[in-house]
Amino acid sequence: MNTIENKVAAVPVTEELSLVRAAKQGDDAAFEELVRRYDRNVFRIAQHITQNREDAEDVVQEAFLKAYGNLAKFQEQSKFYTWLVRIAVNEALMKLRRRRPERTVSLDEDIKTEDDSLPREIADWSPNPEQLYNQSELREILSKTIQGLPPGFRTVFVLRDVEGLSTEETAAALDLSVPAVKSRLLRARLQLRERLGRYFQKRESGDGIQ
Amino acid sequence: MKCAEFLQELTNYLDGVLDQKTKGELENHLSWCHNCYVVCDTTKKTIEIYRDSQLYELPEDLRSRLRSAIMTKCQEHKKARP
């Protein structure tokens, strides 16, 4: 079995850095180019976390505005994108907290039991599961499924597996340790797999994990 | 290798960051344990489906509206604190 390929193209760091430096000097066209480069990513991340379109739009605006206002403080020790993601994740989590004050929303919220993610459903999926549904049904399923994950899990999943950040970059963006990122990622992946199985599996059941 | 140990290494395996020895042990486990093979395969599909899904794409009209709102606010910020 092959490992997964990272299809997210890396932006040349030097090019990004020259835009950042120009923006720091007051070149707004350079900053606008950075917006153009990363607005889609920030929107996707924000909507994965907040699960709300209006909140995601606000996060895009607030994250870029904050980045603009704090550009002088950006030390250039990480990629600008990682720094921006960190700002966006914080803004998104704040939105979520405001919307759900009754529930604690934290990246530190962890795992209830050691084996909450152990596979219970082992049945194999249809050969091309995504073709069982049309585009909009599939999006609905994926959206509903990821919504069921705790925010801390879906945040790690979207940064690592959707946006293609490395484990180290994800850890830096979320202020988590590398082992914490790995543990959340494993659980997020296994929980999503289990939930998607309801839609994608063949109709025979497996006989449980040993 | 037991199934639980396999699961612990699953993320490292899918990310291709295992040393040769552990990778070999894992693949040996996969060759006879059908359940773990299915879990591994469907987890990989889960990741690929999300990655390729274009979920939450930013529509172009909204994108330009957001960008111009951002740049307007940046200008105001600059004027307020030159």
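Observations on the model:
- Residue match in region A:52-70 (condition: over 17 Å from the mean Cα position of the chain (by Cα) and modelled with pLDDT under 90): no
- Residue A:68 part of a helix (DSSP H, G or I) and at the interface with chain B (Cβ under 10 Å from one of its Cβ atoms): yes
- Some residue of region A:14-24 being away from every other protein chain (no Cβ under 14 Å), closer than 24 Å to residue A:155 by Cβ and not aromatic (Phe, Trp, Tyr): yes
- Filter result (farther than 18 Å from residue A:194 by Cβ and in contact with a Ser or Thr (Cβ under 6 Å, 6 or more places away or on another chain)) within region A:128-159: A:159
- Some residue of region A:88-102 being at pLDDT 95 or above and among the charged types (D, E, K, R): yes
- Filtered by the rule that a residue be within 21 Å of the chain's Cα centre (by Cα) and aromatic (Phe, Trp, Tyr), region A:71-80 gives a lone residue, A:80.
- Failed condition for residue A:78, given (1) part of a helix (DSSP H, G or I); (2) surrounded by 14 or more Cβ atoms within 10 Å (Cβ to Cβ): (1)
- Among (1) closer than 27 Å to residue A:167 by Cβ; (2) at the interface with chain B (Cβ under 9 Å from one of its Cβ atoms); (3) polar (S, T, N, Q), the one test that residue A:77 misses: (2)
- Residues being within 20 Å of residue A:38 (Cα to Cα) and within 12 Å of another protein chain (Cβ to nearest Cβ) - total across region A:126-158: 4
One line per residue, one yes/no per condition, for (1) of a type outside the set (S, T, N, Q); (2) under 17 Å from residue A:47 (Cα atoms):
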| residue | (1), (2) |
| --- | --- |
| A:149 | yes, yes |
| A:159 | yes, yes |
| A:163 | yes, yes |
| A:176 | yes, no |
| A:184 | yes, no |
| A:187 | yes, no |
| A:194 | yes, no |
| A:197 | yes, no |
| A:201 | no, no |
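The values are calculated or read from the model by the stated rules, or taken from the named source; none is laboratory data. From a predicted model like this one, the values you see are computed outputs, not experimental measurements. Glycine also receives a Cβ, built like all others from the backbone with ideal geometry; neighbour counts cover every protein chain displayed.
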